[in-house]
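Engineer: Please read through the structure below; I'll follow up with questions.
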Amino acid sequence: QVQLVQSGGGLVQAGGSLRLSCAASGHTLSIYTVAWFRQSPGKEREFVSGTGHLPGITDYVDSAKGRFTISRDNAKNTVYLQMNSLKPEDTAVYYCAAKTGGIIWADSHYTTWGQGTQVTVSP
């Protein structure tokens, strides 16, 4: 069973950038689909982006397209979420999660979760 440890959150001003990291231990992450979710206070957890278990497959929620990029560094057993042009509405706790098989937006399909990291974007 893979374990996920997150890093890279923080506080930035609107228009700034952050890179979130999701590092795996216990198993190689390359064979898993990995997705990023976020949850704001009083809101349901929502899918942000995912990278499939097969090469070249990525997906993004509409609000992230053109601003966020998901990528893998298999040598480091890590998945990243590069977030540019951040907006206050991006403020949330961000989670990475892994599953076997392809990208699914519903969080209930993911079997392994990181601990979450806070992203705060000030106006």
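The values are calculated or read from the model by the stated rules, or taken from the named source; none is laboratory data. Everything numeric in this text was worked out from a predicted model, so none of it was measured. Cβ sites come from the backbone with ideal geometry, for glycine too, and all protein chains shown count toward neighbours. With ligands, DNA and RNA removed, areas are computed over all heavy atoms of the protein, side chains included. Shrake-Rupley method; radii C 1.70, N 1.55, O 1.52, S 1.80 Å.
Engineer: Among the residues of region 54-66, which ones are open to solvent by 30 Å² or more (accessible area, probe 1.4 Å) and either within 15 Å of Ala97 (Cβ to Cβ) or at pLDDT 95 or above (or both)?
Structural biologist: Matches in region 54-66: Ile57, Thr58, Asp59, Tyr60, Asp62, Ser63, Lys65, Gly66.
Engineer: Here's something else I'd like to know. Taking region 1-23, which residues are in a strand (DSSP E or B), farther than 15 Å from Pro88 by Cβ and open to solvent by 30 Å² or more (accessible area, probe 1.4 Å)?
Structural biologist: Here is the first cut: in region 1-23, the ones in a strand (DSSP E or B) are 3-7, 10-13, 18-23.
Checking which are farther than 15 Å from Pro88 by Cβ leaves us with 3-7, 19-23.
Residues satisfying the conditions are Gln3, Val5, Ser7, Arg19, Ala23.
Engineer: Give me the pairs, please: first residue somewhere in region 69-80 and in contact (Cβ under 8 Å) with a residue 24 or more places away in the chain, second residue anywhere and of a type in the set (A, V, I, L, M) and part of a strand (DSSP E or B), beta-carbon distance under 6 Å, and either six or more positions apart or on two chains.
Structural biologist: Sorted first by the residue in region 69-80, then by its partner, the pairs are Ile70/Leu81; Arg72/Val79; Asn77/Ala24; Thr78/Ala23; Val79/Val34.
Engineer: Just one of Leu86, Leu20, Leu29 is in contact with a strand residue (DSSP E or B) (Cβ under 7 Å, 6 or more places away or on another chain) and within 17 Å of Gly116 (Cβ to Cβ); which is it? Steps first, answer last, please.
Structural biologist: Working: Leu86 fails: within 17 Å of Gly116 (Cβ to Cβ); Leu29 fails: within 17 Å of Gly116 (Cβ to Cβ).
Answer to the check: Leu20.
Engineer: Looking at Thr78, Thr51, Thr111, Thr100 in this structure, which one is touching a Lys or Arg at 6+ places or on another chain (Cβ under 8 Å), within 22 Å of Ser25 (Cβ to Cβ) and surrounded by fewer than 16 Cβ atoms within 10 Å (Cβ to Cβ)? Outline the logic, then answer.
Structural biologist: Working: Thr78 fails: surrounded by fewer than 16 Cβ atoms within 10 Å (Cβ to Cβ); Thr51 fails: surrounded by fewer than 16 Cβ atoms within 10 Å (Cβ to Cβ); Thr100 fails: touching a Lys or Arg at 6+ places or on another chain (Cβ under 8 Å).
Every option except Thr111 fails the conditions.
Engineer: Looking only at region 84-97, count every residue that is open to solvent by less than 50 Å² (accessible area, probe 1.4 Å) and more than 10 Å from the chain's Cα centre (by Cα) and tell me the total.
Structural biologist: Number of matching residues: 5.
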